[in-house]
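Here's the structure, in structure tokens; my notes come after.
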Protein chains: 2
Amino acid sequence: MSEVGIKEIAARANVSTATVSYVLNGTRNVKLNTRERVLRVIEELNYRPNNAAQSLKRKRTNTIGVIAEDVTVFNVPEIIDGINDCADKMDMHILLTNLRLDKRIGRNFDQTDRYRHFADNAVSELLSKQVEGIVYIGVHPRDLTGLIDTLGKPIVYAYCYTQSEISIQYHDEQASYEAMAYLVKKGHKRIGIISGTMDSIPSRLRFNGYYKAVTEFELPFDPQLIKMGNWEAESGYWLTKELMELDERPTAILAMNDVMAVGVMRAASEMNVQIPRDLSVMGFDNREFSDYLIPRITTMDLPLHEIGYQAMDSLALMIKGEQAVRKPMPECKLIERDSVASPRLR
Amino acid sequence: MSEVGIKEIAARANVSTATVSYVLNGTRNVKLNTRERVLRVIEELNYRPNNAAQSLKRKRTNTIGVIAEDVTVFNVPEIIDGINDCADKMDMHILLTNLRLDKRIGRNFDQTDRYRHFADNAVSELLSKQVEGIVYIGVHPRDLTGLIDTLGKPIVYAYCYTQSEISIQYHDEQASYEAMAYLVKKGHKRIGIISGTMDSIPSRLRFNGYYKAVTEFELPFDPQLIKMGNWEAESGYWLTKELMELDERPTAILAMNDVMAVGVMRAASEMNVQIPRDLSVMGFDNREFSDYLIPRITTMDLPLHEIGYQAMDSLALMIKGEQAVRKPMPECKLIERDSVASPRLR
DNA sequence: CTGTTAGCGCCTTCAG
DNA sequence: CTGAAGGCGCTAACAG
């Protein structure tokens, strides 16, 4: 710990500790002369107030806890960045806990029991560290109601859902609707869709968007065009093969994530189907790699930064005891690249 | 702050605060009976010791600060994860500061002045929070000597170099040597190399590895095979075109990062050069996208987790006042995929 | 404008 | 085996 304290400063500057505190915090006017003297000593000794003592006294830490299910999962860093962006502005600090769920239990999110104790521990330690609130960042959008109990401390969930607390999410349904609208605008009518696992919230929501578009734009509704994938490239690959074997092929495929879109591309390349000339493809998530594929794929960008920012913003409000105002749900943005073209007339 | 303190517990359990403290910390034997009584009250009131008070008293926080130049840059999360992995084991907590350099100043790392104050502030606040040490995570390997002053507190740099303190890096030279050795083993002799900007340490180190391989394996040394890129895909693209216009084409290209390897692939696809049949390509970094390209590209994986782990480990030693032992430098691992084949005989 | 002082919640020595 | 009490470094009355 830094050895020098307020007392030492006071002694050296020939003032009382109170005065030092006042110049430090600007809580009261101090004669220019003395102030400068104090400041000089502070400078000389490289003094920095002991935050632990301050917190103890002030009963405020200006610190929030962030629990990330896994910082190495693609969506998390950008959300943290958003939290940070906002926290910086309100002079809040971040105590980060990384649950390392991906490494510890893989993708078995349904088995809550396998990670509840990790979360509980994290909360407990954060609470002990006197955080004023918590942001919980999930790695996959799902319902987390009842996962943790913060004993009344404010908490905001980011990138996941909960029924009892506040959670910040992006507008999944709107996103897939927008993707479809774009495809339609390009002239597509027969549009295949490769979904994620159907027990997941994003899959359902994105499907809603798809369905809404099918209805509104009066597209042919053909169940054969709807394929259930599992988020992995493999499934994109096989389902594309199925789609292309249909009597009436789709002219475009919307994959519910970029990874499956890669599967689509692999299948296409194998079948000598050229993208986007013979088949248009859209992904979802705007993963980094989507910009490096050949062709670069058109996809929906997730408003991750905004999710983090809003989460922090709402949390700050709650900490201040104000009612968190419901802001409009952050929306995805279509990133137009090279994997979509107008269908060729045959 | 949690309202209930040790005093309340003591009162309710009909013991002194000292006793509560003893059962909490196991600092002394307490009669089973009383212990259980105390524990019960603690449980009932959901009591958690106030860490600020503990720290103040104990003069230990069990917390280290992590300063990340930018958490959204690809290498950083995995390093944080490594730090975490190690910190967990020693029951240390992490106070994360995200400098957000990429968003704030882009890639202008040479202009130290533009971000020194961010770093200084971060250190200052961390010090005030009584961290016992600091890990600084750079976003690009470079010499950071003199960037910050921690006033004697232990600091370890990860993923960057420094002359005055301890820094953890991976073995860049060995990595590119190994990449070359692999290419040679596959039968390549004329191997083109596309470097990063030549004022960067990794470029120089990776070039050393290349050169060492050229010498040891007695490959034809042809300056025309050496191209200076700038880490971006564009440069990979143009330099590949140059390489392929040579009278004697290379049969393989080693790009000093995966991004430039994408440029190589774009150029190849445009020139109807098939990878890996007509040209082998290797990347560097094992970026996520390298596994999604078609073909999936062979690349060198960076030991990011290990770097973080070692950094934390060394820091812990320094905090304990022990001399940090120099461990062997973490090494890259070759990830064999589909972009390298043996050259065809003509 | 400045100083004195009582705690914040906890740990720990000393005394029983 | 248990309790009383001082003090960690700082803030904020209260008093001058």
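The values are calculated or read from the model by the stated rules, or taken from the named source; none is laboratory data. Keep in mind that what you see is a predicted model, and the values were worked out from it rather than measured. Please note: Cβ atoms are built from the backbone with ideal geometry, for glycine as well, and neighbour counts cover all protein chains shown. The accessibility values were calculated without ligands, DNA or RNA, using every heavy atom of the protein model including side chains. Shrake-Rupley method; radii C 1.70, N 1.55, O 1.52, S 1.80 Å.
Odds and ends about this structure:
- Helices (runs of 4 or more DSSP H) contained entirely in segment A:2-113, each with at least 3 residues that are more than 16 Å from DNA strand C (Cβ to nearest atom) and out of contact with any Asp or Glu (no Cβ under 9 Å at 6 or more places or on another chain): A:76-89
- Qualifying residue in segment B:68-89 (condition: modelled with pLDDT under 90 and within 14 Å of chain A (Cβ to nearest Cβ)): no
- In segment B:24-49, residue farthest from B:Glu8 (Cα to Cα) [restricted to those that are open to solvent by less than 40 Å² (accessible area, probe 1.4 Å) and within 13 Å of chain A (Cβ to nearest Cβ)]: B:Pro49
- Test: residue in segment A:272-286 that is touching a Cys at 6+ places or on another chain (Cβ under 8 Å), within 13 Å of chain B (Cβ to nearest Cβ) and modelled with pLDDT of 95 or more: no
- Residue check for B:Glu178: acidic (Asp, Glu) and without any contact (Cβ under 8 Å) to a residue 12 or more places away in the chain: no
- Check on B:Glu331, under 28 Å from B:Ala68 (Cβ atoms) and in a loop (DSSP other than H, G, I, E, B): yes
- In segment A:307-328, the qualifying residues are those that are part of a loop (DSSP other than H, G, I, E, B) and not hydrophobic (A, V, I, L, M, F, W, C), and the one that is least open to solvent (accessible area, probe 1.4 Å) is A:Gly321.
- Taken together, A:Asn98, A:Asn121 contain a single residue that is within 12 Å of chain B (Cβ to nearest Cβ) and surrounded by fewer than 18 Cβ atoms within 10 Å (Cβ to Cβ), which is A:Asn121.
- Qualifying residue in segment B:103-117 (condition: buried (at least 20 other Cβ atoms within 10 Å of the Cβ) and more than 16 Å from DNA strand D (Cβ to nearest atom)): no
- Total residues in segment A:55-73, condition within 11 Å of DNA strand D (Cβ to nearest atom) and open to solvent by less than 40 Å² (accessible area, probe 1.4 Å): 1
- Residue within segment A:210-220 that is assigned by the TED database to the domain that holds A:Asp258, under 30 Å from B:Asp291 (Cα atoms) and out of contact with any Pro (no Cβ under 8 Å at 6 or more places or on another chain) present: yes
- Among the residues making up segment B:232-267, those that are within 14 Å of chain A (Cβ to nearest Cβ) and either out of contact with any strand residue (DSSP E or B) (no Cβ under 9 Å at 6 or more places or on another chain) or surrounded by fewer than 16 Cβ atoms within 10 Å (Cβ to Cβ) (or both) are B:Glu232, B:Ala233, B:Glu234, B:Tyr237, B:Arg266, B:Ala267.
- Of the residues making up segment B:304-322, those that are within 14 Å of chain A (Cβ to nearest Cβ) and in contact with a strand residue (DSSP E or B) (Cβ under 8 Å, 6 or more places away or on another chain) are B:Ile307, B:Gly308, B:Met312, B:Ile319.
- Flag if B:Thr112 is touching a residue at least 12 places away in the same chain (Cβ under 8 Å) and closer than 16 Å to B:Asp70 by Cα: yes
- From A:Ser339, A:Ser290, residue being of a type in the set (Gly, Ala, Ser), assigned to a loop (DSSP other than H, G, I, E, B), touching a residue at least 12 places away in the same chain (Cβ under 8 Å) and open to solvent by less than 30 Å² (accessible area, probe 1.4 Å): A:Ser339
- Within segment A:1-18, the residues that satisfy the criterion of being more than 16 Å from B:Ser124 (Cβ to Cβ) and either more than 8 Å from DNA strand D (Cβ to nearest atom) or within 14 Å of another protein chain (Cβ to nearest Cβ) (or both) are A:Glu3, A:Gly5, A:Ile6, A:Ala10, A:Ala11, A:Arg12, A:Ala13, A:Asn14, A:Val15.
- Residue list for segment A:293-336, filter: among the basic types (Lys, Arg) and free of Cβ contacts under 8 Å to residues at least 12 places away in the same chain: A:Lys320, A:Arg326
- Single unsatisfied condition, B:Tyr157 versus (1) open to solvent by 30 Å² or more (accessible area, probe 1.4 Å); (2) in contact with a Phe, Trp or Tyr (Cβ under 6 Å, 6 or more places away or on another chain); (3) of a type in the set (Ser, Thr, Tyr): (1)
- Of all residues in segment A:141-159, those that are over 20 Å from A:Cys332 (Cα atoms) and either acidic (Asp, Glu) or in a strand (DSSP E or B) (or both) total 4.
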